[in-house]
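To start, the structure itself, in structure tokens.
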Amino acid sequence: MVDLEVKIGGITLKNPVTTASGCFGYGLEYTDFLDISRLGAIFTKATTGEPREGNPSPRMAETPMGMINSVGLQNKGVDHFIEHIYPHLSAYDTHFIVNVSGSTVEEYVEVASKIDVLEKIPGIELNISCPNVKEGGMVFGTDPVSARKVIRAVREAYHKTLIVKLSPNVTSIKDFALIAQEEGADSVSLINTLLAMAIDAERRKPLIARITGGLSGPAVKPIALRMVWEVAQAVEIPVIGLGGISSATDVIEFMLAGATAVQVGTANFIDPAISLKILEGIIDYMERHGFSSVKELTGALEI
Ligand code: SIN
């Protein structure tokens, strides 16, 4: 028996394996494939103040060892979430963490305040890193002044665990992690997708209608790992690592680099039950290497 529990702010996760926003719906869509109650947490699809149609199609393209998306925060809005999704969540013994997005500081605050009163939601992930919208998202997360402003405003309005999801599309991601910490965030998650594009040479057209999108999948993993390492060296708050994780070995690498927990994203599109297979692999690794608590792995890289 190994101890898999980890803590992110005020949330105790039964294990460090969670699913990434935008790659696992609200979790409810996946109950035919796996027992979602075995997950450490589920990060929901991004939620905004008003419903959004998202970007025009095509908005997904496969690339070598990865994919580009330009979904554009399509969702039915926070009120729909509260009325139609939230009532179903209490049937499951895992944490649901709502990914909160918006175009303005006021919209972020509005969504966060509405989520604050929901008993079954112990935390939010503040999305200041979506690369697929004209306003909000990465526009906030790549400018230190705007990032500070939105994190500060949400921190004032939101009283539970606040996780800030960081953009890799900056020169120094640790500067943004430090801003999040200074403004009272309980954790940072990284990385969101890398701004990218793909071209169909035969048609001489972009593969994505909006031309650019966010790259995810194994192609980004070495970059994500480096960024998790840099951020974990710089901050005291727990780091949640993501970016191309598709095996237990990937998770171990992220934890050795300093992550306390991880999110599995794009790999869910290949195998919807991958996260629990990854969990089994982590237990196997711990047993083979004599670790009794998964916490011992965080930052245990030998240099
Ligand atoms: C999207 O909806 O475009 C993706 C969300 C994100 O990258 O945060």
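Looking at segment 270-288, is at least one residue in contact with a Ser or Thr (Cβ under 7 Å, 6 or more places away or on another chain), among the small types (Gly, Ala, Ser) and over 22 Å from Ile97 (Cα atoms)? The answer is yes; a qualifying residue exists. Those strands (runs of 3 or more DSSP E) of segment 150-217 in which 2 or more residues are in contact with a Pro (Cβ under 8 Å, 6 or more places away or on another chain) occupy 187-190, 194-197, 212-216.
Condition check ((1) surrounded by fewer than 24 Cβ atoms within 10 Å (Cβ to Cβ); (2) at pLDDT below 95; (3) touching a Phe, Trp or Tyr at 6+ places or on another chain (Cβ under 7 Å)) across all residues:
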| site | (1), (2), (3) |
| --- | --- |
| Pro218 | yes, no, no |
| Lys221 | yes, no, no |
| Val228 | no, no, yes |
| Ala248 | yes, no, yes |
| Val251 | no, no, no |
| Ala259 | no, no, no |
| Ala267 | yes, no, no |
| Ile270 | yes, no, no |
| Lys277 | yes, no, no |
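Kindly provide the set of residues from segment 155-196 that are closer than 20 Å to Val98 by Cβ and basic (Lys, Arg), ordered by number. Result: Arg155, Lys160, Lys165. Please go through segment 93-110 and pick out each residue that is more than 14 Å from the ligand (Cβ to nearest atom) and assigned to a helix (DSSP H, G or I). The answer is Val105, Glu106, Glu107, Val109, Glu110. Just to be sure I understand, how many residues within segment 152-168 are polar (S, T, N, Q), touching a helix residue (DSSP H, G or I) at 6+ places or on another chain (Cβ under 7 Å) and in contact (Cβ under 8 Å) with a residue 40 or more places away in the chain? The qualifying residues number 0.
Of all the residues in segment 119-141, those that are more than 7 Å from the ligand (Cβ to nearest atom), assigned to a loop (DSSP other than H, G, I, E, B) and closer than 30 Å to Tyr92 by Cα number 5.
For segment 111-126, the criterion of being surrounded by fewer than 14 Cβ atoms within 10 Å (Cβ to Cβ) and in contact with a Leu (Cβ under 8 Å, 6 or more places away or on another chain) is met by at least one residue. Is it the case that segment 56-78 has a residue that's surrounded by 20 or more Cβ atoms within 10 Å (Cβ to Cβ) and more than 14 Å from the ligand (Cβ to nearest atom)? Checking segment 56-78: at least one residue is surrounded by 20 or more Cβ atoms within 10 Å (Cβ to Cβ) and more than 14 Å from the ligand (Cβ to nearest atom).
The values are calculated or read from the model by the stated rules, or taken from the named source; none is laboratory data. As the structure is a computational prediction, the values presented were derived from the model and not from experiment. For neighbour counting, all protein chains shown are included, and Cβ atoms are generated from backbone atoms with ideal geometry for every residue, glycine included.
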